[in-house]
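The values are calculated or read from the model by the stated rules, or taken from the named source; none is laboratory data. Keep in mind that what you see is a predicted model, and the values were worked out from it rather than measured. Cβ atoms come from the backbone with ideal geometry, glycine included; neighbour counts cover every protein chain shown. Heads up: the accessible areas ignore ligands, DNA and RNA and are worked out on the full protein's heavy atoms, side chains in. Shrake-Rupley method; radii C 1.70, N 1.55, O 1.52, S 1.80 Å.
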Amino acid sequence: MTLWQRLGLRGRDLGSEADRATFRTLHTASLAAPALRSGLTTASAEKSVRHLRALLGTPSVVLTDSVSVLAWDGDFDHHRDLAAGFAREDPEVTMVHDRGWFPCPDCPVEHAVVSPLAVEGIVVGTLQVFTPSATAGLVRAVEEVAAWVAGQLALAELDASRRRLVEAEVKTLRAQISPHFVYNSLTAIASFVRTDPEHARELLLEFADFTRYSFRRHGEYTTLADELRSIERNIVLEKARFGDRLHVTLRVAPEVLPVTVPFLCLQPLVENAVRHGLEAKSGPGRIEIVAENHDQEAVIWVEDDGIGDDPEHVRAALAADTDTDSVGLGNVDGRLRSAFGDEYGLVVETAPDAGTKVTVRVPKFAPGVHA
């Protein structure tokens, strides 16, 4: 039985004319939304303006920023200079300009309806309609569509702010990782330059690949496969430092390799395992890195048999307390929660002299999250 049959509908019957009109309106709005969610630019205005005119059913629709026309759809585009002038007036409320504004005697335009596009209280542009007739209903419709457009632009600004925040968080994380790891890696490579030049060369190539990945400039997400590949390079470099003292086990289910994760979400966990699980411990140390397939989720954990930690100290690290010496735990926890929701934060199990296990759960699919 099809969905239409279960709903008791014949064919693709969408109900009354009012139901169909509502569907058409929502569909048209959905066509305009993706472009507007990228912000108010010439490109986004040109992609969305014809859909906005379809919503309003008017002879023309104009989108402007605060100084110039970005896109015009429909008739009367010889009034571009006038539309730009209306935009520069920075209207705070919807304005209706009458025939006295139009110099051409044979032009059928009698009114221009100009509605501001305000984002967080700041007018960033206008939605304008040039028309032979402006009813109260049309003015109200222009105001409503302008408010909807402004809402999409506000969401675009929110997305941009979030991206800037994530970029700042990744830069902060890189700053925490890089001095410690870079110094130790280069010191280990230097120790082999005379005794084993070929090994030193191999390590230098691993170091170059690791830093190239860690300091890439695009994308806030990556695949689990890429993140684990970078960790493998990290382990090669750490083994050059610690030799037989460091024992690493890596177990990964192939099904979870394509899963999308926040960029650099596992590297800090491995670095903490080395720093707290091995550097501060006498004798050999073990680190286990596991990624398992659990229905709709991937479950990854990094576990060491080191000296462990005080749970209160870990809570401070997860709260991003700057006095802690754990690398990036709060940063990673915050980015996981931001991407997938609060139920997907880090889970840390530890106690003094009992080692540490840090678990990451990520959904295999999440809206808006892709590498």
Mind checking which of Leu269, Ala188, His97 is farthest towards the positive end of the chain's charge dipole, using Cβ charges of +1 (Lys, Arg) and -1 (Asp, Glu) about the Cα centre?
His97
Probe of 1.4 angstrom, ligands and nucleic acids ignored: what's the accessible area per residue over the chain, in square angstrom?
51
Rolling a 1.4 angstrom probe over the protein chains, ignoring ligands and nucleic acids, what is the accessible area of Val248 in square angstrom, nearest 10?
40
About the Cα centre, charge dipole magnitude for the chain (Lys/Arg +1, Asp/Glu -1 at Cβ), debye
820
Just reorder Arg335, Arg194, Arg53 by solvent-accessible area, largest first, 1.4 Å probe, all chains present.
Arg194, Arg53, Arg335
Run the numbers for His247 and Ala354: contour at 0.36 nm per residue of separation, minus the present Cα-Cα distance, in nm.
36.8 nm
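How would Tyr221, Tyr183 rank on accessible area, largest to smallest, probe 1.4 Å? Can you show the working numbers first?
Numbers: Tyr221 20, Tyr183 155 Å².
Of Tyr221, Tyr183, the descending order of accessible area is Tyr183, Tyr221.
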Can you show me the helix-derived [θ] at 222 nm for the chain, built from DSSP H runs with n ≥ 4 at -39,500 (n - 2.57) apiece and divided by the number of residues, rounded to the nearest 500.
-15500 deg cm²/dmol
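Quick one: with all protein chains in place, what share of the accessible area of the chain is carbon or sulfur, to the nearest percent (1.4 Å probe)?
Numbers: 10310 of 19030 Å².
That share works out to 54 percent.
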How long is the gain from Ser133 to Glu157 if the chain were fully straight, where each residue apart is worth 0.36 nm and the alpha carbon distance is subtracted?
5.2 nm
Net charge, Gly355 excluded, C-beta distance under 13 Å - Lys, Arg +1, Asp, Glu -1:
-4
In whole Å, what are the extents of segment 241-306 along the principal axes defined by its C-alpha atoms, from largest to smallest?
40, 20, 16
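For Thr211, Thr41, give the ranking by accessible area with the largest first, probe 1.4 Å. Numbers along the way, then the final one.
On the way: Thr211 35, Thr41 60 Å².
So the residues, ranked largest to smallest area, are Thr41, Thr211.
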Could you tell me what a quarter of the Cα convex hull surface of segment 92-149 works out to, in nm² with one decimal place?
4.1
Excluding Val299 itself, calculate the net charge of residues whose Cβ lies under 14 Å from the Cβ of Val299, where each Lys or Arg counts +1 and each Asp or Glu counts -1.
-4
Using the Kyte-Doolittle scale, which helices in the chain average at least 0.0 and also have C-alpha atoms spread 24 Å or more along the helix axis, with helices defined as whole DSSP H runs?
17-36, 136-192
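Quick one: length gained pulling Ala280 to Arg80 fully straight, 0.36 nm per residue minus the C-alpha distance?
That pair, Ala280 and Arg80, stretches by 64.9 nm at full extension.
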From Cα pairs below 8 angstrom and at least 6 apart in sequence, can you work out the relative contact order of the chain, rounded to a whole percent?
10
Matching label for the computed Cα extents along the principal axes in Å, out of (1) 66, 39, 38; (2) 92, 55, 41; (3) 73, 52, 43, is (2)
Rounded FRET efficiency, nearest 0.05, which uses the C-beta distance separating Ala33 from Ser191 and R0 of 51 Å
0.30
